[in-house]
Amino acid sequence: MKSLHNYFNRYISTLISDREFEFILSHFTYRKLKRRQHLLVQGEIFKDMSFIVKGAMRKYFIDEKGVDHVVDLYIENWWAGDRESFVTSVPSMYNIEAWEDCELLLISRENTLKLCRECPVFNEFILKLDERNSIAAQKRITSSISLTAENRFADFVERHPYFIQRFPQHIIASYLGISKDTLSRVRKKSLNK
């Protein structure tokens, strides 16, 4: 659980004491997922935001033709979830799957709101997390609508080099919105530079 404590302390202005962290941690539950097990299945309401202690996950949806489209990739010290379903209690259009065996810390919407009211450092943390998520989403949108496949891959490698070793090429291609063949060509070209 030290990784979550360190994660909080990285993003807030005042370090969380051990006692404060114990109080915060008491609102989380621990869960393990095996590789290919789902944290969320399309149509369910996402009830618990998930901090990844160990492992890797992917969030994806399946279109009307049965094709997977990867929306997000997650590894240790990242939060996995469907924000819209979590906040509004609407059924999710996404699936979240463990790509590796995972260990997670889960927090419900009710406990999130309770901690925001009762614990100023947790509230500050949630605000910082929302800011970071918004910035990351803007960068991803800008990259996907304005960059070539080659530049999108270069940007991805620069910002997320750790994903290259954790996820296979077809998952990364889907995340980038390009075909596996295009990714192969782009990777080969970038290695020859």
Being of a type in the set (Lys, Arg), open to solvent by less than 20 Å² (accessible area, probe 1.4 Å), touching a Leu at 6+ places or on another chain (Cβ under 8 Å) and in a strand (DSSP E or B): is that true of residue 31 here? no
Would you point out which residue out of 163, 122 is part of a helix (DSSP H, G or I), under 20 Å from residue 79 (Cα atoms), hydrophobic (A, V, I, L, M, F, W, C) and touching a Ser or Thr at 6+ places or on another chain (Cβ under 9 Å)? 122
Wholly within the stretch 36-76, strands (runs of 3 or more DSSP E) carrying at least 2 residues that are surrounded by fewer than 21 Cβ atoms within 10 Å (Cβ to Cβ): 48-54, 57-62, 68-74
Look at the stretch 77-94 and say how many of its residues are surrounded by 17 or more Cβ atoms within 10 Å (Cβ to Cβ) and either of a type in the set (Gly, Ala, Ser) or on the phi > 0 side of the Ramachandran plot (or both). 4
Residue 97: passes all of (1) under 17 Å from the mean Cα position of the chain (by Cα); (2) open to solvent by 70 Å² or more (accessible area, probe 1.4 Å) but (2)
Got at least one residue in the stretch 94-107 being assigned to a loop (DSSP other than H, G, I, E, B) and within 24 Å of residue 138 (Cβ to Cβ)? yes
Which of the residues spanning the stretch 166-189 are at pLDDT 90 or above, open to solvent by less than 20 Å² (accessible area, probe 1.4 Å) and farther than 13 Å from residue 73 by Cβ? 183
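The values are calculated or read from the model by the stated rules, or taken from the named source; none is laboratory data. Predicted, not measured: the structure shown is a model, and the values here were computed from it. Note that we place each Cβ from the backbone using ideal geometry, even for glycine, and neighbour counts take in every protein chain shown. These accessible areas exclude ligands, DNA and RNA; they are computed on the full protein's heavy atoms, side chains included. Shrake-Rupley method; radii C 1.70, N 1.55, O 1.52, S 1.80 Å.
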